[in-house]
Amino acid sequence: MNILLAGTASDSHTWNLVYLQLFLEELGHPVDNLGPCVTDDLLTAACAARRPDLVVLSSVNGHGYRDGLSAVRAVRAADPHLPVVIGGKLGVAGAADPGQREQLLEAGCTAVFDDGDTGALRRFLDTAFDRLAVA
């Protein structure tokens, strides 16, 4: 599965993206890493140019919820069928917020992962890969 990986618009952290890229590549997925501070325009342009099978958004700064809503809405406007997942620190409260998770899903996220839950991401990829292989 070709994966487009990006940090959210206000998130300047890089190591989480390096870690995720290595993790995803170790699972056998080619990764295009756009890096940190990816604007909605840059994300949608990269999706159009690279035609990924999946977009993975990551946040460390705690503004993933706000930035993620904007990013997924932009991707959905350009491509209503492209799977988009987000994970990391989505809020500044320090605990997962079910309301924020629900709003991200309603906005078009395919899945929302808690901070550091690479096991859930791996299970999602296994399932998504199986669905693509059958189709």
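The values are calculated or read from the model by the stated rules, or taken from the named source; none is laboratory data. All values derive from a computational prediction rather than experimental measurement. Don't worry about glycine lacking a Cβ; one is built from the backbone with ideal geometry, like all the others, and counts go over all protein chains shown. Surface areas here come from the heavy atoms of the whole protein model, side chains and all, with no ligands, DNA or RNA. Shrake-Rupley method; radii C 1.70, N 1.55, O 1.52, S 1.80 Å.
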Failed item in (1) under 21 Å from Tyr19 (Cβ atoms); (2) out of contact with any Pro (no Cβ under 7 Å at 6 or more places or on another chain); (3) assigned to a helix (DSSP H, G or I), with Ala128 passing the rest
(2)
For Asp32, only one of the following conditions fails: (1) under 21 Å from Val112 (Cβ atoms); (2) open to solvent by 20 Å² or more (accessible area, probe 1.4 Å); (3) touching a helix residue (DSSP H, G or I) at 6+ places or on another chain (Cβ under 7 Å); (4) not in a helix (DSSP H, G or I). What is its number?
(1)
How many residues does region 77-110 hold that are outside any loop (DSSP other than H, G, I, E, B) and open to solvent by 30 Å² or more (accessible area, probe 1.4 Å)?
10
Just need a number here: residues in region 111-123 that are in contact with a Leu (Cβ under 9 Å, 6 or more places away or on another chain), outside any loop (DSSP other than H, G, I, E, B) and either of a type outside the set (S, T, N, Q) or over 21 Å from Tyr19 (Cβ atoms) (or both).
5
Test set (1) touching a Phe, Trp or Tyr at 6+ places or on another chain (Cβ under 6 Å); (2) of a type outside the set (S, T, N, Q); (3) closer than 15 Å to Leu5 by Cα - Leu125 fails condition number
(1)
Scope region 35-76; condition open to solvent by 20 Å² or more (accessible area, probe 1.4 Å), of a type in the set (Val, Ile, Thr) and not in a helix (DSSP H, G or I); matching residues:
Thr39, Val60
I'm checking my understanding of the structure. Among residues of region 1-29 that are outside any helix (DSSP H, G or I), farther than 18 Å from Arg66 by Cα and not aliphatic (A, V, I, L, M), which one is least open to solvent (accessible area, probe 1.4 Å)?
His29
